[in-house]
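The values are calculated or read from the model by the stated rules, or taken from the named source; none is laboratory data. Because the structure is a prediction, the values reported are computed rather than measured. Cβ placement follows ideal geometry from the backbone for every residue including glycine, while neighbour counts extend to all protein chains displayed. The protein model used for the area step is the full one, side chains on, heavy atoms only, and it has no ligands, DNA or RNA in it. Shrake-Rupley method; radii C 1.70, N 1.55, O 1.52, S 1.80 Å.
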Amino acid sequence: MDKIKEIAKKYNLFLLEDAAQALNSFYKNKPLGTIGDIGAISFHETKNIMSGEGGALFVNREDLIERSEIIREKGTNRSLFIQGLVDKYSWVDIGSSYLPSDITAAYLLSSLEMIDIVTQKRLDLWNFYKKSLKEIASQDLFTIPHVPQECRHNGHIFYLMFPNVEKRNNFLSFMRNFGIGVSFHYIALHSSLAGKKYGRYCGDMAETNKASDCLIRLPLYYDLTSDSQEFIISKIYEYSKLYK
Ligand SMILES: *Cc1c(COP(=O)(O)O)cnc(C)c1O
């Protein structure tokens, strides 16, 4: 992030952080989502803290706050009206209906109040995977995540990285035979239909393609029991003996 910030500053670029899955994660003690000009957090059902759908925008620049509120309020200056700063409100810009309902917000609030408990539980599961799989991890079989010293994560994903797509797919079907919901993601954006239509890239995208072809996510969710986790780990050990 330091390097990216440096580049953004040098070339006068706007820095938007996709911190969708990063709530309660830190880089050099700074919360992710608060490092760039703006940052986006997701509360989609697949995230650590969720409200089904929805998200939050962190605005790190005073001059962007008013416009952000207008866009969120269907393109109107209603929030200035509510604050008593204008005597009527109307359409002043583009926008849409981005406000969550009260029921959604109430659900989200009670989840946010549990964030420390949720994060700790996920970190416990994450650390147990790491400790248990350290012994068998290798370049030939699969590698496990490494967290740099200056980073503090939120236990969102525990992934295995396989040497190639065949080995990854082998593992996927091996685990699914036991009803274990491992999953891969994602299809690399630059190779998707819309990516080709709207995006551009340079180089061969080797790292992106490798992550897309070779990554597997292990089950990790708040109420994963230690029995289930030990079962998953025992099957990974079985796999390692069969395919080493
Ligand atoms: C989940 C996720 C998104 C999408 O979030 P939505 O709330 O569904 O829009 C975008 N980027 C990353 C990195 C994510 O993990």
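Compute the FRET efficiency between Thr34 and Arg67 as 1/(1 + (r/R0)^6), taking r as their Cβ-Cβ distance and R0 = 30 Å, and round to the nearest 0.05. If you can, show how the numbers build up before the last one.
Values: r = 19 Å, r/R0 = 0.62.
Step by step, r from the Cβ atoms, then E = 0.95.
Given a Förster distance of 22 angstrom, what is the FRET efficiency for Lys5 paired with Glu207, based on the Cβ-Cβ distance and rounded to 0.05? Can you show the working numbers first?
On the way: r = 21 Å, r/R0 = 0.95.
Rounded to the nearest 0.05, the efficiency is 0.55.
For region 40-90, state which GluC sites (Glu not before Pro) are in a DSSP loop and have at most 11 other beta carbons lying within 10 Å of their beta carbon.
On the way: sites: Glu45, Glu53, Glu62, Glu66, Glu69, Glu73; in loops: Glu45, Glu53.
Answer in residue order: Glu45, Glu53.
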Mind listing which GluC sites (Glu not before Pro) in region 117-186 are in a DSSP loop and have 15 or fewer other Cβ atoms within 10 Å? Glu135, Glu150
Take Ala106, project a point 7 Å from its Cα along the Cβ direction, then tell me which residues of region 25-69 have their backbone nitrogen under 18 Å from it. 50-53
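For the chain, count all C-alpha to C-alpha pairs, find those more than 27 Å apart, and express that count as a whole percent of the total. Walk me through the intermediate numbers first.
Numbers: 14895 of 29646 pairs.
Counting pairs separated by more than 27 Å, the tail of P(r) holds 50 percent.
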Dipole size in debye (nearest 20) for the chain around its Cα centre, Lys and Arg Cβ +1, Asp and Glu Cβ -1? 700 debye
Given a 1.4 angstrom probe, I'd like the percentage of the accessible area of the chain that is carbon and sulfur, rounded to a whole number. 56 percent
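Can you tell me how much longer the chain between Val86 and Asp140 gets when fully stretched, taken as 0.36 nm per residue apart minus their C-alpha distance, in nm with one decimal? Present the calculation step by step, with values, prior to reporting the outcome.
On the way: separation 54, 0.36 × 54 = 19.44 nm, distance 6.53 nm.
Net length gain for the segment: 12.9 nm.
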Paramagnetic reach from Val147 in region 157-191 [backbone N under 20 Å; point 7 Å along Cα→Cβ]: 157-161
With a Förster distance of 41 angstrom and the Cβ-Cβ distance between Glu238 and Phe14, calculated FRET efficiency to the nearest 0.05 equals 0.25
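Assign one of three labels to region 147-199, namely rounded, prolate or oblate, based on the Cα gyration tensor with a ≥ b ≥ c the square roots of its eigenvalues; rounded applies when a/c is under 1.5, prolate when it is not and a/b is larger than b/c, and oblate otherwise. It would help to have the intermediate numbers written out before the result.
On the way: a/c = 2.14, a/b = 1.09, b/c = 1.95.
In terms of gyration-tensor shape, oblate.
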